Amino acid sequence: MFRLKLSKFFIILITLNICLHYSCNTNKSTKKLTIGFAQTGINDQWRKSMIKDMEIEVAFYPNINLKVLDGKDNIENQIKNLEELILEKVDIIIVSPVKSKPITPYVEKALKAGIPVLVVDRKIDGQNYTAYLGGDNEQVGVNVANYISSIAGNDPKKIIEIKGLKGSSPAYDRSISFNKIINKTNNLNVVHSIEGNWEEYSIKDSLKSFLKKEKDINYIYAHNDRMALGAWDVLKELNLDNHVDIIGVDGLNEPNGGIQLVKDNILKATVFYPTGGHEAIKLAIEMLNGEKVNKNNTLETILIDSRNADIMKHQFDKIYEHQLDIIKQQEKIKQQEDTYTKQSTTLKIVLALFIISITLGIYSIYSGYNIRKKKRELEIINKKITKQKKEIKKIANEAEHSNEAKVNFFTALSHEFKTPITLILSSIESLTEKQSTYKNNLKNEISIIFNNSKRLLRLTNQLLDFRKVEESKFTLKASETNLLDFSKGIFNDFESEARKRNINFTLETNNKDLSIFIDRNLMDKVYFNLLSNAFKFTPNDGDISIKITDHKERNFINVCFKDSGIGIPSDDLNTIFNAFTIASNNTKASSGIGLHLSKEFIELHKGSIDVDSKLGTEFTLKLYKGDTHLKPEEITYQSAEIDQSIITLDNEDNDNYFSEASINKNSNTGYSILIIEDNLDLIKYLESKLNINYNVHLSNGIDGIEKALEIIPDLIICDVNLPDKDGYVICEILKNDLRTSHIPIIMLTVLDNEESYLKGLHSGIDSYLTKPFSFSVLSQSIKTLIYNQEKFRYNFLHNVKDINFKKNIATTEQDFILEINEIIKKNRTNSTLSEESIAADLNISKIQLNKKLNAILGISISDYLQIEKDKNALNK
Ligand code: FRU
């Protein structure tokens, strides 16, 4: 990008350079030459007229520049001016010397410096100059002398001569030639001469004092008209103006010029003395052009008196008009020149722009080619990137799939954990019920197994909860709950432990009737986690308290869990709620997600949890009163109860109804029935009807198999259309599992067709009832199936050794019993025959043996062994 801009900049620079070069060349061809003019002074009319004529002439030459320096009628000033022009190296010098002698060396200096010098009007000393041009001053003197002589007659006449500046050549020449002629006459006499300096003031005093003495004067000859006018002033003052004729020199055609003075009878005559302005410039240009010029160029003078004054004025006016015309034309020419210059500049700019645009055009074609080339390269790179991107995406997908597979595996495995653990737990539980038959240490072992199984189940549930939290799958199901009653339920679970360890465990509240909206299952987990931690880290004889505070004036409450345990180091307090974080002083087995889940669950309630640890640890929950902080879908108005059993800790998706299913243990047969059904009304109906005679368990269909394995019911009633697996699949799974294969299943469905019925039979069901059904039919079916099962058990127990199972129809259960019988038979005389040895021979654990036997025959292995021993004793 930068390179592109830089090269563009250079192209424009080169183009402008070319244009500049072109314009410089044009300037060179019109190089200006300077004529330096060291003028005597610039104030009197004669000098002004001279400079004006020069300027008019110079205007014809556009390459000539005229530089006029004012000597102020002072020789020192003029010398300085000359030196300046020499230093400046002007092309030619014109000088009109104030005085002849003092200026001569400087004229020579200029010549030495290679500058030609044109002397005008007044001469220098000697001939060392390039050329001279000026009026003929000797002729001026001659003209005046001849004129006086012509008008004087023969009588003696007296003349006063008023001279120009002494040392200037016109004053000298005008005097010498005049006196030469006057001296030759008999009657004319120059009676007095006055030294002037060309200006009228210079002669007045001197003339006045002379005239006061000598009044009888006939003629005054003044070397110029300005001094002549001064003389007239004096004559007028002395009333002699009518007696004396004055003759001046210069004859300018100006208001106070000589011609006008003649016309006004102030002067008798004047001699026209040309300024030579035009001629001087013409001559200088010839010299500059290297043309050969005459060294001395004299201009004619003419005497003007009353006879030719009008003609002369007329002539001069004509010349003046002509000059005006020339000036006007020159101005026009100048204007045209300006226009031409402007147009020429515009043309140059247009030309330059044209060249620039052509250059840029060429450049843009070149750039376009380059861009296309770059584009092609980029396209290739882009393709490569796209390919790489696809590969990365593929790898990422694979990684995602593999990760998902891992997570799914982890989840499935966790689920898998739950069933065996639950079974272990329930087995242990049932064993514990018969604990009186066990010795004390066995009881302890069972309790260790029980507690650890509970712990395993809790951890599994925590892991599953963690996954759900991570995937934001939890939805709050808050219902209005009396907080004290809720807390008491959990308090009771921990009370026995507190008693055993002599821990002062208390629960207090300042409002027994306080009810708030909580998801009881989630809050149960929070309480359980906080209390487990408190009991884990509090030594025997310590204190643990739950304190509920209702801030009556405010919209929230606090639940504070305080212990006198080891506490949490202050450095860990900030991170203790992070997942997988364990306090640095915690040496006990901990998952590191319990507190994290608690925090997440409390935040789902829009509340907060805080920790403080000084002496022991204190967790404080902040929960809001009312339901305005919750979304409508987060609130449930069904009366949900916590299933206080361990299994309920794993209660993830069950409908509240299913979790609250109560088992009526009074006045029933003791047989258990599992109903797998997702229609709540039907469930309620069946439960209410069957509850009287049976222990009823419920499943909404999602956890049907799990519940069956967990409960091992005596009979299952199963629907076909269920939310997860259909009834056929559930039945098939249960019938193929050794633990549940013996359980009779009644399929209860709306599918009233042969195909569905056959499908049901294939899946191994025992009875097929269609909806709407008669409860008495259902009731009778249940009774019959349970009765048959009992009969089956009885036969096994009492006649199994006589039953000759045909190999091809032998079921898994029959094989299993026959194998046990075979072992007992073989080892009848062997005193080591025991429950353990039978389990070992079957290659299963004693617990598994008991579980299986219990499922098939409803008795334990020890009872079965006893029956067999009794039978053998009878047979002997
Ligand atoms: C002008 C002037 C004229 C005179 C001339 C002589 O400065 O005084 O009046 O004729 O100079 O150089």
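The values are calculated or read from the model by the stated rules, or taken from the named source; none is laboratory data. Owing to the predicted nature of the structure, the values given are computational and were not obtained by experimental measurement. All Cβ positions, glycine included, derive from the backbone under ideal geometry; neighbour counts span all protein chains shown. Note: accessible area is taken over every heavy atom of the protein model, side chains too, but ligands, DNA and RNA are not part of it. Shrake-Rupley method; radii C 1.70, N 1.55, O 1.52, S 1.80 Å.
To keep it simple, each residue is scored yes or no on (1) outside any helix (DSSP H, G or I); (2) open to solvent by 90 Å² or more (accessible area, probe 1.4 Å); (3) at pLDDT 90 or above; (4) out of contact with any Phe, Trp or Tyr (no Cβ under 8 Å at 6 or more places or on another chain).
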{"position": "313", "(1), (2), (3), (4)": "no, no, yes, yes"}
{"position": "322", "(1), (2), (3), (4)": "no, yes, no, yes"}
{"position": "347", "(1), (2), (3), (4)": "no, yes, yes, yes"}
{"position": "352", "(1), (2), (3), (4)": "no, no, yes, yes"}
{"position": "370", "(1), (2), (3), (4)": "no, no, yes, yes"}
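Residues being at pLDDT below 95 and either more than 60 Å from the chain's Cα centre (by Cα) or not basic (Lys, Arg) (or both) are represented in the range 243-252 by at least one member.
Among the residues of the range 511-527, those that are outside any strand (DSSP E or B) and surrounded by 14 or more Cβ atoms within 10 Å (Cβ to Cβ) comprise 511, 514, 519, 520, 521, 522, 523, 524, 525, 526, 527.
Considered as a group, the residues in the range 744-775 that are touching an Asp or Glu at 6+ places or on another chain (Cβ under 8 Å) and of a type in the set (Val, Ile, Thr) include one that is most open to solvent (accessible area, probe 1.4 Å), and that residue is 770. Taken as a whole, the structure leaves residue 195 outside the set of residues that are more than 13 Å from the ligand (Cβ to nearest atom), acidic (Asp, Glu) and either open to solvent by less than 40 Å² (accessible area, probe 1.4 Å) or not assigned by TED's automatic domain parsing to the domain that holds residue 245 (or both). For the range 211-226, taking the residues that are open to solvent by less than 60 Å² (accessible area, probe 1.4 Å) and among the acidic types (Asp, Glu), the one that is farthest from the ligand (Cβ to nearest atom) is identified as 214. On the given criteria, is residue 317 in contact (Cβ under 8 Å) with a residue 12 or more places away in the chain and open to solvent by less than 40 Å² (accessible area, probe 1.4 Å)? For residue 317, the condition - in contact (Cβ under 8 Å) with a residue 12 or more places away in the chain and open to solvent by less than 40 Å² (accessible area, probe 1.4 Å) - is not met.
Residues checked against (1) crowded, with 24+ Cβ neighbours inside 10 Å; (2) free of Cβ contacts under 8 Å to residues at least 24 places away in the same chain; (3) among the charged types (D, E, K, R); (4) away from the ligand (no atom under 16 Å from the Cβ):
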residue	(1), (2), (3), (4)
236	no, yes, yes, yes
249	yes, no, no, no
263	no, no, yes, yes
284	yes, no, no, yes
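A single member of 480, 471 is open to solvent by 30 Å² or more (accessible area, probe 1.4 Å), out of contact with any Lys or Arg (no Cβ under 6 Å at 6 or more places or on another chain) and without any contact (Cβ under 8 Å) to a residue 12 or more places away in the chain, and it is 471.
Among residues that are open to solvent by 10 Å² or more (accessible area, probe 1.4 Å), within 16 Å of the ligand (Cβ to nearest atom) and among the hydrophobic types (A, V, I, L, M, F, W, C), residue 229 is included.
Can you find, within the range 163-188, the residue that is nearest to residue 136 (Cα to Cα) among those that are more than 16 Å from the ligand (Cβ to nearest atom) and exposed (fewer than 15 other Cβ atoms within 10 Å of the Cβ)? For the range 163-188, the residue satisfying everything is 180.
If I filter the range 546-567 for residues that are part of a helix (DSSP H, G or I) and open to solvent by 20 Å² or more (accessible area, probe 1.4 Å), do I get at least one hit? No, the range 546-567 has no match at all.
Return yes when residue 383 is out of contact with any helix residue (DSSP H, G or I) (no Cβ under 6 Å at 6 or more places or on another chain) and modelled with pLDDT of 90 or more and no when it is not. Against the criterion (out of contact with any helix residue (DSSP H, G or I) (no Cβ under 6 Å at 6 or more places or on another chain) and modelled with pLDDT of 90 or more), residue 383 qualifies. Here the condition is being open to solvent by 60 Å² or more (accessible area, probe 1.4 Å), touching a helix residue (DSSP H, G or I) at 6+ places or on another chain (Cβ under 8 Å) and at pLDDT below 85; of 876, 846, it holds for 846 alone. Close contacts from the range 756-781, counting a first residue that is assigned to a helix (DSSP H, G or I) and a second that is among the hydroxyl-bearing types (Ser, Thr, Tyr), with Cβ to Cβ under 7 Å and a gap of 6+ residues or different chains, come to 756/749; 757/768; 759/728; 760/728; 760/768; 781/767.
Summed over the range 491-510, the residues that are of a type in the set (A, V, I, L, M) and not in a strand (DSSP E or B) give a count of 2.
Here residue 200 fits the description: open to solvent by 50 Å² or more (accessible area, probe 1.4 Å), within 13 Å of the ligand (Cβ to nearest atom) and either closer than 20 Å to residue 226 by Cβ or more than 60 Å from the chain's Cα centre (by Cα) (or both). Scanning the range 251-261 for residues that are open to solvent by 10 Å² or more (accessible area, probe 1.4 Å) and within 10 Å of the ligand (Cβ to nearest atom) yields one hit, 252.
Being surrounded by 14 or more Cβ atoms within 10 Å (Cβ to Cβ) and either modelled with pLDDT under 70 or not assigned by TED's automatic domain parsing to the domain that holds residue 712 (or both) is a property that residue 810 lacks. Going residue by residue through the range 143-151, is there one that turns out to be within 16 Å of the ligand (Cβ to nearest atom), aliphatic (A, V, I, L, M) and in a helix (DSSP H, G or I)? Among the residues of the range 143-151, at least one is within 16 Å of the ligand (Cβ to nearest atom), aliphatic (A, V, I, L, M) and in a helix (DSSP H, G or I), which makes the answer yes.
Pairing each residue of the range 216-234 that is touching a residue at least 24 places away in the same chain (Cβ under 8 Å) with any residue that is hydroxyl-bearing (Ser, Thr, Tyr), provided the two are 6+ apart or on different chains, yields C-beta distances under 7 Å for 225/270; 230/201.
Listed by first and then second residue, the pairs with beta-carbon distance under 6 Å, at least 6 apart or on different chains, first residue in the range 29-52 and assigned to a loop (DSSP other than H, G, I, E, B), second of a type in the set (S, T, N, Q) and crowded, with 18+ Cβ neighbours inside 10 Å, are 40/96. Among the helices (runs of 4 or more DSSP H) confined to the range 649-711, the ones with at least 1 residues that are closer than 26 Å to residue 848 by Cα and at pLDDT below 85 are located at 704-711. Just one of the listed residues (454, 473, 525, 443) is modelled with pLDDT of 80 or more and charged (D, E, K, R), namely 525. When the range 687-737 is filtered for residues that are of a type in the set (Ser, Thr, Tyr) and touching a residue at least 60 places away in the same chain (Cβ under 8 Å), only 694 remains. Scanning the range 91-114 for residues that are open to solvent by less than 10 Å² (accessible area, probe 1.4 Å) and either hydrophobic (A, V, I, L, M, F, W, C) or away from the ligand (no atom under 12 Å from the Cβ) (or both) yields 92, 93, 94, 95, 98, 103, 107, 110.
If you go through the range 56-80 and keep only what is free of Cβ contacts under 8 Å to residues at least 40 places away in the same chain and either part of a helix (DSSP H, G or I) or within 15 Å of the ligand (Cβ to nearest atom) (or both), you end up with 68, 70, 71, 72, 74, 75, 76, 77, 79, 80.
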